[in-house]
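The values are calculated or read from the model by the stated rules, or taken from the named source; none is laboratory data. From a predicted model like this one, the values you see are computed outputs, not experimental measurements. Please note: Cβ atoms are built from the backbone with ideal geometry, for glycine as well, and neighbour counts cover all protein chains shown. Remember, those area values only see protein heavy atoms, side chains included, never the ligands or the DNA or RNA. Shrake-Rupley method; radii C 1.70, N 1.55, O 1.52, S 1.80 Å.
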Amino acid sequence: MSVLEIKNLQVSVITEAGNKEILRGVDLTVKSGETHAIMGPNGSGKSTLAYSIAGHPKYLITGGSVTLDGNDVLEMSVDERAKAGLFLAMQYPVEVPGVSVSNFLRTAVTAIRGEAPKVRTWVGEVKEAMASLNIDTAFSERNVNEGFSGGEKKRHEILQMELLRPKIAILDETDSGLDVDALRIVSEGVNRVKANSDLGVMLITHYTRILRYIKPDFVHVFANGKIVEEGGPELADKLEEQGYAAYITA
Amino acid sequence: MSQLTTNYLTPTGREEAWRFTPLKKLSGIHDLEVPVSDRISLSAKSDLPKGVTLSTSSSSDHPPAYVASDIVTNRVRKEVKNVTVLAIENNLELAEPIFLKRKCGPTPEVSRSIIQVGINSRATVILENNGVGKLGEEIEILLSAGSSLNFISLQEWDLSSVYVAQHHAIIGKDAQFNSYVVSIGGSTIRMSPTVEYTGTGASAEMYGVYFATDEQHLEHRIHVNHSVPNTKSRVNYKGALAGKGAHTVWIGDVYINKGAEGTDTYELNRNLLLTDGARADSVPNLEIETGEIVGAGHASTTGRFDDEQLFYLQSRGIPAEMARKLVIRGFFAEIINKLKNEDIEERLMARIELELSRVGE
Ligand SMILES: Nc1ncnc2c1ncn2[C@@H]1O[C@H](COP(=O)(O)OP(=O)(O)OP(=O)(O)O)[C@@H](O)[C@H]1O
Ligand SMILES: [Mg+2]
């Protein structure tokens, strides 16, 4: 049982023109097995929250705390956070020239599990995970995300999540850019990991479509750098009908 | 057979062929005013197999087999009194590579060598350039009909060394020349791997890897001259750069002359900038004088390894230093693996990782 606890988190983005305040006191607790949907208008700070938890260097934490099972996440380096059990499926996965997917996956899994996976079982494990996400095995030899289509990148994020077996995963608009079939396949992937490992999920999305596949336990409305309302799955439907106008003016 | 060119001048840096090269760093190898020694710097690393000889003889017995335009090559020809000749007799199949080692000194010197591969023979020659040196060199590589040569030159010089070299292969009918150039050490390297063909069915594969760090200048000037029908060339050079003032230059000149029908050529150069402050120049150049070819193409790309990539890899649990190593290893593997010698592959990667760890020191 793991708990990610975000308390009064305040974050600025570091820009050339100076620091700009984005997160204005975020409180959120995600436990193993729970799924939290985060919905909110463009630019409200959802990705900022995701990146801050993962430790992206362009964000400055100005206040508050983030802990995973009581350990101070903000004190950890980026790779330590991953080793501690955090995973971020990025809204815009990064292309890494020179590194093949297979090499990348093996290196990442070795780093996170603390030992190299057994060659015999590893090849099968990757093949199976790729097959279930409908990823052609030819991708193994391609460079990470290089020339991948938007949807292919998203599927590879989930592939990584499946192999790295995190405790808590943040999925930042993993559903954007997926066609209907891919959305179902990716959602099934997330649900599979949840079923196998009691994963806690923070699901950032603009659409209720994905919530039909991945059922949220909680829905949080994010506006202007913080959570402004919380509820159950029914809140998502209300947002889809009424939009965010009520929260932006509030 | 051509004559020695005598009417050449010290380059000023304004010449097209010298515009990228930092002449000040060449220790006078290019400068006709600076005296150079012509002692023999090349020797066999271990006993040579039967049918292979390494000897020295008067350069007048070995007039150049082609016209050289490079100033340093011409200077080498003029200054060297004794050439080193590696001769591989006809119909010899060598399973083990022939290792040649280099011993230079701290002052400027020149060297001229000839590698002769007999008819239908197959061999691998590995030239290990390391230590301290200020060397200007020409190696003439003659592939007889039906022969095959893997020629590997490893530049693992000390970081103070200077190396200006032309390695020119003349490829006979149905012969296969495979060139592998790896440049890691040296303060300034200017290498010209060049090839020409004298018979149909001749083929060249030219691979290269270079890794430049702080203030290092690594220049590779490939020249392929297709002048007879049905010949083939493949060029693939990959370079990575890290640190302030790291500079690489890649020139890929491929000429398909009139009469070179059936030519098949493709050249590729990829550069990876690992940090800010490094610069990679890449100039592919394809000139085609006949329409009757099989294929001709070139590509050149320069990509960056930036903070976003570092963050991405780290966010998957990979520590920062390992992330950089991973990127470099993966980038170079395609070519380094072709050397088919695990000891050398590991040694080269270790040197690359050592240089990487010292960037900015
Ligand atoms: N370098 C920067 N300079 C100025 N503003 C920035 C910079 N980086 C981010 N921001 C701003 O921070 C705010 C929050 O961005 P963030 O990406 O977190 O939003 P989001 O909620 O994820 O939006 P979306 O739904 O469009 O993905 C935005 O207004 C964005 O313009
Ligand atoms: Mg976003």
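Observations on the model:
- Whichever residue in region B:295-337 is surrounded by 19 or more Cβ atoms within 10 Å (Cβ to Cβ) and more than 9 Å from every other protein chain (Cβ to nearest Cβ) and, among such residues, is farthest from the chain's Cα centre (by Cα): B:ARG324
- Checked against (1) out of contact with any Asp or Glu (no Cβ under 6 Å at 6 or more places or on another chain); (2) within 16 Å of ligand 1 (Cβ to nearest atom); (3) not aromatic (Phe, Trp, Tyr), A:GLN91 passes all but a single condition, namely (1).
- Those residues of region B:169-191 which are closer than 20 Å to B:GLY252 by Cα and open to solvent by less than 10 Å² (accessible area, probe 1.4 Å), in sequence order: B:ALA169, B:ILE171, B:PHE177, B:SER179, B:VAL181, B:VAL182, B:SER183, B:ILE184, B:THR188, B:ILE189, B:ARG190, B:MET191
- Hey, A:GLU162 free of Cβ contacts under 8 Å to residues at least 60 places away in the same chain and surrounded by 18 or more Cβ atoms within 10 Å (Cβ to Cβ) or not: yes
- Odd one out for A:ASN71, checked against (1) within 13 Å of ligand 2 (Cβ to nearest atom); (2) closer than 21 Å to B:GLN314 by Cβ; (3) of a type in the set (S, T, N, Q): (1)
- Check on A:MET1, in contact with a Ser or Thr (Cβ under 6 Å, 6 or more places away or on another chain), open to solvent by 10 Å² or more (accessible area, probe 1.4 Å) and not small (Gly, Ala, Ser): yes
- Looking only at region A:189-247, residues that are more than 16 Å from ligand 1 (Cβ to nearest atom), open to solvent by less than 30 Å² (accessible area, probe 1.4 Å) and more than 30 Å from A:VAL126 (Cα to Cα) come to 3 in all.
- Residues of region B:270-281 that are more than 14 Å from every other protein chain (Cβ to nearest Cβ), at pLDDT 95 or above and either surrounded by 19 or more Cβ atoms within 10 Å (Cβ to Cβ) or over 30 Å from B:PHE311 (Cβ atoms) (or both): B:ALA278 alone.
- Taken together, the residues in region A:72-128 that are at the interface with chain B (Cβ under 9 Å from one of its Cβ atoms), without any contact (Cβ under 8 Å) to a residue 12 or more places away in the chain and within 30 Å of B:ILE335 (Cβ to Cβ) amount to 3.
- Strands (runs of 3 or more DSSP E) lying entirely in region A:3-57 (those with 2 or more residues that are within 9 Å of ligand 1 (Cβ to nearest atom)): A:3-15, A:18-31
- If you go through region A:54-67 and keep only what is under 20 Å from A:MET202 (Cα atoms) and within 14 Å of chain B (Cβ to nearest Cβ), you end up with A:ALA54, A:GLY55, A:HIS56, A:TYR59.
- Remark: A:LEU171 falls outside the filter, which requires a residue to be within 14 Å of chain B (Cβ to nearest Cβ), surrounded by fewer than 22 Cβ atoms within 10 Å (Cβ to Cβ) and in contact (Cβ under 8 Å) with a residue 40 or more places away in the chain.
- Residue in region A:174-184 that is away from ligand 2 (no atom under 16 Å from the Cβ) and either open to solvent by less than 20 Å² (accessible area, probe 1.4 Å) or touching a His at 6+ places or on another chain (Cβ under 8 Å) (or both) present: yes
- From the list A:LYS46, A:LYS83, the one residue that fits, being within 17 Å of the chain's Cα centre (by Cα), among the basic types (Lys, Arg) and within 14 Å of ligand 2 (Cβ to nearest atom), is A:LYS46.
- Among the residues listed as A:ALA54, A:ALA50, A:ALA37, the single one being under 17 Å from A:ILE112 (Cβ atoms) and surrounded by 15 or more Cβ atoms within 10 Å (Cβ to Cβ): A:ALA54
- Any hit, region B:234-243, residues being in a loop (DSSP other than H, G, I, E, B) and within 14 Å of another protein chain (Cβ to nearest Cβ): yes
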